[in-house]
Amino acid sequence: MNRKIQNRFLGNYVLMFIISTIIAIFALMLMGFADDVISKTLVKNNYTAKSLMKDDYKSINIRSVIDNGGGVQVINTNYEVVFSAGINTIPKYKLTTAEFTSFLIMSKSNGVSYSYSIGYNSKEQFWLIITFPTSIRIDFDIVHNKDFASIDTQGVVGLIVAVILFYLILLAISTIIYSKLTSSSIINPLKKLCHSAGRLKDGDYSSRVNLNLKNEFGELEHIFNEMAEQIQQEISLRKGLEESRKKLILDISHDLKNPLTSIMGYAEFCKNKNDLSKEELSTYMEIVCENSLRANNLITDLFELSKMESPEYTISKTKVDICEYMREEIGAFITTFDRAAFIYDFQVPEKEINAFIDIVQMDRVFQNLIENTLKYNPKGTKVMITLLERNAEMIIIFKDNGKGIPTEVAKNIFDPFVRGYSAENSQTGGTGLGLAIALKIIAAHGGNIKLKTGEKCGCEFIINIPKS
């Protein structure tokens, strides 16, 4: 990749080198063409000393020069201005030899604001000077005398060729250096991106790119790092789900094994034992039924939990008076609380609060919370159920002052097969799925449920549900 990009950059700049050279040659040609056009259009080139020269300077047609803003001067061999008309830039009437020589040199200098055309009449021995103000001046020209060879020609041509070659070599070197510098500004970030992408491909999901650039590569860095972060999170989530799946399978196997083993054992015992009394057979059959019920409850809860985890799972909400609904739910368990010798306190507002809930599913949540409270707490435990209205949501609090749940267990209490007291669960017959199902139901209502607890300080389940 490195070599290909560098070669591409070098090729591009070589092409630019060729184009630049062609443009330079074309520019020189264009300047020559422009010089030719200007020379034909400028007034000063139409009225030169050579074209106007006559032996009798008094017969020279000066009218066109004057009308076009120019001037005409005639200087004799004594350097005296014997005739002047129009613009006159000669400072004195009579010049010395040095002053006249200086004037001649100045007239050919660059940057002078006047253009001079000077001709000498060798027959009558005078200088004719035609002067025009300079508007545009191009002082670059290459002159070659075809009629007379010069000993300087070879040296001058060699110098011009050397300058051109030096220019081309300098341009070529700068092109190569510039191509290397510009390609490195792209290649180095690409190398880092490729290195990080390779680490990501090899399973190192902590791979990140640090370019510290503000250009498009900086945007690519941001996108790459976000992608890597998302992949890392998804991989971590997938590993967590895989671990949860394995644990779930083990928990299901374990929870089904106990009742099924008991059913198989007692069924086989009853089958092989022909002299059992009716009382013994009834006792064994009762054990078989109890374990069958436990296995059936576990399978039923697993089926319900599986349905709730499906994207197609929906609930059927209806508008109800939540206060009246809570009073009916609590009233159904009063007798149960009394039999368990529980103390209870219910606080439900004496007004109508309408809300949209799935009655069947909410029944299951309340039944699960109340049954758990009854199962895992001793006689004399106080149960408090409170309904509050806060803005657009309802808050339902189930609280008891019972045994509570250890903190290390409580943090995962809404996961499948997590039980507050596993040792007691074999006696109570719980599946360990009730709170997981309750969480799914509350979430389907757009709410949440959380637990505040600690060992020997009771449990407080807080449910938040929007009213609509």
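The values are calculated or read from the model by the stated rules, or taken from the named source; none is laboratory data. These figures come from a predicted structure and were not determined experimentally. Quick reminder, even Gly has a Cβ in these numbers, built from the backbone with ideal geometry, and neighbours come from all protein chains shown.
Here are some notes:
- Whichever residue in segment 360-394 is among the β-branched types (Val, Ile, Thr) and crowded, with 16+ Cβ neighbours inside 10 Å and, among such residues, is nearest to PRO349 (Cα to Cα): THR386
- Among residues of segment 99-117 that are assigned by TED's automatic domain parsing to the domain that holds ILE129 and under 17 Å from PRO133 (Cα atoms), those with a Cβ under 6 angstrom from a residue that is of a type in the set (S, T, N, Q) and modelled with pLDDT of 85 or more, sequence gap 6+ or separate chain, pair up as TYR114/THR89; TYR114/THR131; TYR116/THR131; SER117/THR48.
- Residues in segment 341-366 that are more than 17 Å from VAL320 (Cβ to Cβ) and of a type outside the set (A, V, I, L, M): PHE342, TYR344, ASP345, PHE346, GLN347.
- Qualifying position, being modelled with pLDDT under 90 and closer than 30 Å to PRO311 by Cβ, among PHE398, PHE366, PHE461, PHE414: PHE414
- Criterion (farther than 14 Å from THR21 by Cα, in contact (Cβ under 8 Å) with a residue 12 or more places away in the chain and not acidic (Asp, Glu)) met by exactly one of LEU190, LEU168: LEU190
- Residue selected from segment 94-113 under the condition at pLDDT 85 or above and of a type in the set (S, T, N, Q), by the criterion nearest to VAL81 (Cα to Cα): THR96
- Count of segment 270-312 residues which are part of a helix (DSSP H, G or I) and among the acidic types (Asp, Glu): 6
- Of the residues THR336, THR314, THR373, the single one that is touching a residue at least 24 places away in the same chain (Cβ under 8 Å), of a type in the set (S, T, N, Q) and either more than 30 Å from ASP251 (Cβ to Cβ) or touching a strand residue (DSSP E or B) at 6+ places or on another chain (Cβ under 9 Å) (or both) is THR373.
- When the residues of segment 344-377 are filtered to those that are among the hydroxyl-bearing types (Ser, Thr, Tyr) and in a helix (DSSP H, G or I), the one that is farthest from the chain's Cα centre (by Cα) is TYR376.
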